[in-house]
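Input: a single structure, listed below in structure tokens.
The values are calculated or read from the model by the stated rules, or taken from the named source; none is laboratory data. From a predicted model like this one, the values you see are computed outputs, not experimental measurements. Heads up, the Cβs are rebuilt from the backbone with ideal geometry, glycines too, and the neighbour counts pull from every protein chain shown.
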Amino acid sequence: MEKKKIITIVGARPQIIKASAISRVIGLSFQDVIHEVIVHTGQHYDQNMSQIFFEELGIPNPSYNINVGSGSHGKQTAKMIEGIEEILLKEKPDAVILYGDTNSTIAGALAASKIHIPVIHIEAGLRSFNKKMPEEINRIACDHMSTLLFSPTKQGILNLEKEGFRTQKEGKASMDDPHIFHCGDIMYDNSMYFGRKDNSDKLLNSLNLEKNQYILCTIHRDNNTDIEENLVSILKALMDCQKETKLNIVLPLHPRTKNKIEALKNQDIIQELMSNKNINIIPPAGFIDIISLEKNARLIITDSGGLQKEAYFFKKPCVILREQTEWVEIVNNGNAILTGSNYSKIKSAILNLLEKNDFSYPPIFGDGNAGQFICSKILSNL
């Protein structure tokens with residue numbers, strides 16, 4: 001079989017982690033038939049938010065880094081398209097792999113599709129049905145520029161069918177005749193793989209935490225951090241629930257979220273947060289550390305799509321600080337509750353989920369072999 005050259009485009013922390021599942025499978029099973037070239041757009045340029053993930057996940061260093069840095073959606077995406085196109089024209093790959101729904105995703109899809117390079121979209125078909133979210137625009141547009149679409153869930157396949165995609169797969173795939181697949185979730189692959197590299201005891205001891213005696217919380221979405229009323233509401237709910245439940249809270253803070261908290265006009269909230277010894281504010285955690293924190297938490301509170309799923313992987317209830325989620329299955333199954341930034345809803349969800357004990361965890365996200373499936377289908381459909 002002729003060796004295929006595939007360019008993988010990443011830019012944000014979650015994409016680097018997702019890419020590790022495919023890179024690992026290529027290294028173990030497909031080295032002779034797939035040559036992977038990694039391009040980093042530089043969307044996340046902080047050391048703790050990017051380079052550390054390449055190192056600890058064992059991903060090959062990127063062959064290219066576009067170094068776009070921060071900026072408005074338009075400026076950032078335009079710089080990415082320009083940089084990606086230049087690389088694609090030089091490398092002439094057989095296809096481009098894109099992950100998820102970031103500006104790096106939409107930029108890669110536009111750059112590749114315009115010069116007729118097949119796009120492979122991993123995490124296709126996910127929908128929050130809220131087009132005010134930039135991620136929703138990115139994921140819809142990318143799907144409709146893709147040649148191979150890999151959905152982690154059956155619901156994702158149904159969403160694609162409703163948008164006109166056909167499940168029949170005849171002949172060679174193309175952008176005009178794309179092929180869609182239900183593959184399971186590569187993050188489930190990763191969580192199971194890295195979950196075996198357990199660092200729990202050392203990490204929990206360093207934070208003075210006991211297993212199942214703390215809540216893990218992450219906050220990073222614009223709607224929660226950039227609107228002061230929303231951020232104050234979330235922080236107040238966290239602090240009040242901490243007092244009521246007596247559970248510690250671990251709060252890894254993205255640098256941007258930390259800056260937003262420090263800039264709050266409500267100085268009383270800042271003082272109360274910083275003086276509460278039972279709220280552990282820590283820097284952004286590496287993937288292996290965050291997995292350890294997830295595995296041993298009693299409850300997870302997050303506005304991250306990735307952590308919602310990982311809570312499910314490790315059988316932890318989850319409060320979702322959003323009005324909608326692309327992972328509707330975990331809400332419908334009773335494993336998570338949507339609250340947005342509403343104080344009363346957050347507090348009620350935390351207390352209800354802590355009391356609930358009849359959770360079930362059907363295999364919504366596959367069997368942990370999504371990466372193997374995806375690589376096989378890439379070879380047989382391009």
- Qualifying residue in segment 119-130 (condition: without any contact (Cβ under 8 Å) to a residue 40 or more places away in the chain, hydrophobic (A, V, I, L, M, F, W, C), within 19 Å of ASP177 (Cβ to Cβ) and outside the structural domain of GLU323 (by TED's automatic domain parsing)): no
- Selected residue [modelled with pLDDT under 95, farther than 26 Å from PRO14 by Cα and not basic (Lys, Arg)] from ASN223, ASN208, ASN199: ASN208
- Message: Yes or no: segment 337-355 includes at least one residue that is within 19 Å of the chain's Cα centre (by Cα), closer than 25 Å to LEU98 by Cα and of a type in the set (A, V, I, L, M).
- Response: no
- Residues being in contact with a helix residue (DSSP H, G or I) (Cβ under 8 Å, 6 or more places away or on another chain), in a loop (DSSP other than H, G, I, E, B) and either without any contact (Cβ under 8 Å) to a residue 60 or more places away in the chain or among the basic types (Lys, Arg) (or both) - total across segment 267-321: 6
- Message: Take the residues in segment 113-123 that are more than 17 Å from the chain's Cα centre (by Cα) and assigned to a loop (DSSP other than H, G, I, E, B); name whichever of them is surrounded by the most Cβ atoms within 10 Å (Cβ to Cβ).
- Response: PRO118
- Item | Single residue of LEU126, LEU98, LEU110 found to be buried (at least 16 other Cβ atoms within 10 Å of the Cβ), under 30 Å from LEU158 (Cβ atoms) and in contact with a His (Cβ under 6 Å, 6 or more places away or on another chain) | LEU98
- Would you mind stating whether LEU160 is touching a Ser or Thr at 6+ places or on another chain (Cβ under 9 Å) and over 21 Å from LYS18 (Cα atoms)? yes
- What number of residues within segment 129-140 satisfy the criterion of being surrounded by 16 or more Cβ atoms within 10 Å (Cβ to Cβ) and in contact with a helix residue (DSSP H, G or I) (Cβ under 7 Å, 6 or more places away or on another chain)? 1
- Item | Residue in segment 180-188 that is farther than 21 Å from ILE281 by Cα, over 20 Å from the mean Cα position of the chain (by Cα) and at pLDDT 95 or above present | yes
- Note on the structure: By residue number, the members of segment 340-382 that are in a loop (DSSP other than H, G, I, E, B) and closer than 22 Å to THR153 by Cβ are PHE359, SER360, TYR361, PRO362, PRO363, ILE364, PHE365, GLY366, ASP367, GLY368, ASN369
- Message: So in segment 1-28, with the set limited to residues that are touching a Leu at 6+ places or on another chain (Cβ under 8 Å) and modelled with pLDDT under 95, which one is farthest from THR41 (Cα to Cα)?
- Response: MET1
- Is segment 352-369 home to any residue that is in contact with a Leu (Cβ under 7 Å, 6 or more places away or on another chain) and without any contact (Cβ under 8 Å) to a residue 60 or more places away in the chain? yes
- Query: Can you name the residue in segment 141-167 that is on the phi < 0 side of the Ramachandran plot and among the small types (Gly, Ala, Ser) and is also surrounded by the fewest Cβ atoms within 10 Å (Cβ to Cβ) among such residues?
  - Reply: ALA141
- In segment 39-71, anything out of contact with any helix residue (DSSP H, G or I) (no Cβ under 7 Å at 6 or more places or on another chain), modelled with pLDDT under 85 and outside any loop (DSSP other than H, G, I, E, B) is listed as GLN47, ASN48, GLN51, ILE52, GLU55
- Task: Could you tell me whether any residue of segment 201-213 is buried (at least 18 other Cβ atoms within 10 Å of the Cβ) and within 23 Å of PHE365 (Cα to Cα)?
- Result: no
- Item | Neighbours by Cβ (under 7 Å, 6+ apart or cross-chain): first from segment 153-167, in the same structural domain as VAL328 (by TED's automatic domain parsing) and at pLDDT 95 or above; second part of a helix (DSSP H, G or I) and surrounded by 13 or more Cβ atoms within 10 Å (Cβ to Cβ) | none
- The correct count of residues that are within 13 Å of ASP143 (Cα to Cα) and charged (D, E, K, R) in segment 83-107 is 1
- Item | Scan of segment 328-339 for residues that are part of a loop (DSSP other than H, G, I, E, B), of a type outside the set (Gly, Ala, Ser) and out of contact with any strand residue (DSSP E or B) (no Cβ under 8 Å at 6 or more places or on another chain), ordered by number | ASN333
- Message: Would you confirm whether or not segment 228-236 contains a residue that is surrounded by 19 or more Cβ atoms within 10 Å (Cβ to Cβ), among the aliphatic types (A, V, I, L, M) and in a loop (DSSP other than H, G, I, E, B)?
- Response: no
